[in-house]
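Below: one structure, written as C-alpha cells.
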Amino acid sequence: WCVESCFNMLKGVHTAVSGYSGGVKPNPTYEEVCTGETGHAEVVQISYDPAIISFGQLLEVFFFLHDPTQLNRQGNDIGTQYRSVVYFNDEDEKTSTCVYLIYYFSTDVYSRLKMTVNSLTLLPRGGV
C-alpha cells in the first residue's frame, strides 16, 4: 500500500493500518484478493483526532497520493482490488466526501474524472 506511512506521519493521525475491505470472504489472503474473486479493495483504515486534522484534510492527502483517474489500478498495480474507494464513519464524513468529490471533479486538472466517477465507491465502513 505505502500510503499508510504517509498518513502515519500526519499530526493528528493516531494510526493508519492497511488491509482489505468490501469483499465477501472473511480474512482473505493477499493471493486470494489478487485473483479479483473476493471483491475486496486494498484500503487503509485511519484513526484520527478531528480536533487536530479534519476528515477533509485527510481526503486532500488521499487524493494527492492516490490517482482516481486510473480505473482498477494504481500505477503498475492492476486489478479490481486497486479501485478507488472511500469508506466513512458517519454522516458528517459522508457529506464531506461528497462535497470534496463534487469540487474535485469540477476542477480542470481532474475533469477527466467525470468519465470514471463510477469507479469511486462510497460505502459505510464495514471493517478492515
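One residue stands out in the range 10-49 among those that are part of a loop (DSSP other than H, G, I, E, B) and modelled with pLDDT of 95 or more: the one that is nearest to the chain's Cα centre (by Cα), namely 10.
Filtering the range 106-116 down to residues that are open to solvent by 60 Å² or more (accessible area, probe 1.4 Å) and assigned to a helix (DSSP H, G or I), which residue is modelled with the highest pLDDT? In this case the residue turns out to be 106.
Can you find a residue in the range 64-74 that is open to solvent by less than 50 Å² (accessible area, probe 1.4 Å) and at pLDDT 85 or above? No.
For the range 1-18, the candidate set comprises residues that are open to solvent by less than 70 Å² (accessible area, probe 1.4 Å) and out of contact with any strand residue (DSSP E or B) (no Cβ under 6 Å at 6 or more places or on another chain); within that set, the residue that is nearest to residue 66 (Cα to Cα) is 6. I need every pair where a residue in the range 80-105 that is touching a residue at least 24 places away in the same chain (Cβ under 8 Å) and open to solvent by less than 80 Å² (accessible area, probe 1.4 Å) has its Cβ under 8 Å from the Cβ of a residue that is of a type in the set (A, V, I, L, M) and in a loop (DSSP other than H, G, I, E, B), sequence separation at least 6 or different chains. As it stands, the answer is 83/71; 84/120; 85/120; 86/120, since those pairs meet every condition given. Is it the case that the range 87-95 has a residue that's more than 25 Å from residue 9 (Cβ to Cβ), part of a helix (DSSP H, G or I) and among the hydroxyl-bearing types (Ser, Thr, Tyr)? Yes, the range 87-95 contains a residue that is more than 25 Å from residue 9 (Cβ to Cβ), part of a helix (DSSP H, G or I) and among the hydroxyl-bearing types (Ser, Thr, Tyr).
Just the residues that are among the hydroxyl-bearing types (Ser, Thr, Tyr) and closer than 30 Å to residue 35 by Cβ, please, taken from the range 48-101. Working first, answer last.
Start the filter on the range 48-101 by keeping residues that are among the hydroxyl-bearing types (Ser, Thr, Tyr), which leaves 48, 54, 69, 80, 82, 84, 87, 95-97, 100.
69, 80, 82, 84, 87, 97, listed by residue number.
Going by what's in this entry, would residue 51 be described as surrounded by 19 or more Cβ atoms within 10 Å (Cβ to Cβ), over 22 Å from residue 107 (Cβ atoms) and touching a residue at least 12 places away in the same chain (Cβ under 8 Å)? The answer is no for residue 51.
The values are calculated or read from the model by the stated rules, or taken from the named source; none is laboratory data. Not measured: the values here are computed from a predicted model. Positions of Cβ are generated from backbone atoms using ideal geometry, with glycine treated the same way; all protein chains shown enter the neighbour counts. To get the accessible areas, we keep the full protein, side chains included, count just its heavy atoms, and leave off ligands, DNA and RNA. Shrake-Rupley method; radii C 1.70, N 1.55, O 1.52, S 1.80 Å.
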